[in-house]
Amino acid sequence: MFRSVLVLGYIRGIRIEIHVSWLIIFVLLLVSLGAGLHQAYPDWSPATVVITTVVTVLLFFASILAHELGHSVVAIRRGVPVRTITLFIFGGMAQISKDSESANDEFWIAIAGPAVSFALAAGFLLLSLPAVAISEPLSVALVWLGLVNLVVAVFNLIPGFPLDGGRVFRALVWKFTGDAARGMRAAVMGGRLVAYGLFAVGLWSMLAMGNLLGGLWIMIIAWFLLNMAEASGRDFGMRKRLRGLRARDLADQHLPLVSPATAVDQWVNDHMLAGGQRAHFVGDRDDVIGLVTLSDARKLPRERWSQTTVADIMTPVQKLVRVEPDSSAEEILQLINEHSLNQLPVMDGDRVTGWIDRRRLLGTIELHLELKS
Ligand SMILES: [Zn+2]
């Protein structure tokens, strides 16, 4: 499957990845900063311009990463796990895997990112003072990095979801009213206002200032923020209603089974197509050894289907992403989205006790919610 992210590596167990859209920003920054430096400092040699540009852009990239690590470190310290940090076209995002359980956690996690950016801004600007005497490119780069980090910190503190400021705002409303949902509503409303405001600024700079590209860019960011704010609000509502629902309530106890020695073509014809079921557990009710899916079959050339057994192409049970009977609906939805799973076994120790099918899951959740209300 095509992955739209490049994994850079791991820092303290957090996967650091770059979304392909980030490369657009990387190139745009290289080109515009390079051209800007060339124009402002015509006496710099081409090599000086190129080296200064590349190093500055890389340090900018490291600054964004540091901002996200700021959020992540505080989250982890407060017992909120962080799996991934993704850098994408609008900056970075730490995928903090669940909502904070207290207003204090939310506040400190949210404020940590801008705090790092402010500290970096101060550090770069302070270093730029003695650097003037050493080298002009060095001091120019440091001033640029200082100002850019300052902009990142200030922009992120605008009090609208999903910006950090929106989270801080949410935490404060939550803290003072004791009501997490009210905090969320306020932050989403703030997010809408910020998005409409930015949209107006973009339109104004397009029409009144004739800055077509810049204005369009601002409008795209506004649209993106609006979508994020609305989606965060919806997710929050959904998660709140899902609270209390566990894997055991959502799982299907009836496992679709196929025996390990079945040939792939026989499985496809007799089990998959005949039953309209895209995946089967391999083994029997008390001893499931793996899971075989349509995509496993598609990886095998068709002429080999008759001599290969499902046990040869299955994913062994030890390697399956799984949940426990007590796992929450929120965790399940998140795993399914994160790993793009179609089915998920529910396992009690080594035993498969049931399974969850992506397509049926939403229907099941809806029924549970209707029964609840
Ligand atoms: Zn942030």
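I'd like the full set of residues that are within 29 Å of residue 111 (Cβ to Cβ), touching a residue at least 12 places away in the same chain (Cβ under 8 Å) and away from the ligand (no atom under 16 Å from the Cβ), limited to segment 45-75. Can you show your working first?
Pass one, segment 45-75, residues within 29 Å of residue 111 (Cβ to Cβ): 56-75.
From what's left, touching a residue at least 12 places away in the same chain (Cβ under 8 Å): 56-57, 59-61, 63-75.
Passing the criteria: 56, 57, 59.
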Let me confirm something: among 179, 252, which residue is touching a residue at least 60 places away in the same chain (Cβ under 8 Å) and among the acidic types (Asp, Glu)? 252
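It is to be established whether one or more residues within segment 133-141 are outside the structural domain of residue 64 (by TED's automatic domain parsing), at pLDDT 85 or above and hydrophobic (A, V, I, L, M, F, W, C). Explain how you work it out, then say what you get.
Of all residues in segment 133-141, those outside the structural domain of residue 64 (by TED's automatic domain parsing) come to none.
Among the residues of segment 133-141, not one is outside the structural domain of residue 64 (by TED's automatic domain parsing), at pLDDT 85 or above and hydrophobic (A, V, I, L, M, F, W, C), which makes the answer no.
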How many residues of segment 147-162 are crowded, with 19+ Cβ neighbours inside 10 Å and either in a helix (DSSP H, G or I) or among the basic types (Lys, Arg) (or both)? The answer is 5
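Would you be able to say whether some residue in segment 199-218 is in a loop (DSSP other than H, G, I, E, B) and in the same structural domain as residue 310 (by TED's automatic domain parsing)? Don't jump to the end; show me each part of the working.
Start the filter on segment 199-218 by keeping residues that are in a loop (DSSP other than H, G, I, E, B), which leaves 208-211.
Checking which are in the same structural domain as residue 310 (by TED's automatic domain parsing) leaves us with none.
No: segment 199-218 contains no residue that is in a loop (DSSP other than H, G, I, E, B) and in the same structural domain as residue 310 (by TED's automatic domain parsing).
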For residue 93, only one of the following conditions fails: (1) modelled with pLDDT of 85 or more; (2) aliphatic (A, V, I, L, M); (3) within 16 Å of the ligand (Cβ to nearest atom). What is its number? (1)
Of the residues in segment 291-312, those that are small (Gly, Ala, Ser) and either within 21 Å of residue 360 (Cα to Cα) or not assigned by TED's automatic domain parsing to the domain that holds residue 261 (or both) come to 295
Screening 118, 169, 124 for residues that are crowded, with 16+ Cβ neighbours inside 10 Å, without any contact (Cβ under 8 Å) to a residue 40 or more places away in the chain, under 23 Å from the mean Cα position of the chain (by Cα) and not assigned by TED's automatic domain parsing to the domain that holds residue 217 leaves only 169
Return the total of residues in segment 96-114 being among the aliphatic types (A, V, I, L, M), at pLDDT 80 or above and more than 10 Å from the ligand (Cβ to nearest atom). 1
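Select from segment 162-218 the residues that are of a type in the set (Phe, Trp, Tyr) and touching a helix residue (DSSP H, G or I) at 6+ places or on another chain (Cβ under 6 Å) and list them in ascending order. It would help to see each step written out before you state the result.
Step one: of segment 162-218, the residues of a type in the set (Phe, Trp, Tyr) are 169, 174, 176, 196, 199, 204, 217.
Once the filter is applied, which keeps residues that are of a type in the set (Phe, Trp, Tyr) and touching a helix residue (DSSP H, G or I) at 6+ places or on another chain (Cβ under 6 Å), segment 162-218 yields 169, 174, 199.
The values are calculated or read from the model by the stated rules, or taken from the named source; none is laboratory data. Note that the coordinates shown come from a computational prediction; the quantities given were computed from them, not determined experimentally. Cβ: placed from backbone, ideal geometry, glycine included. Neighbour counts: every protein chain shown.
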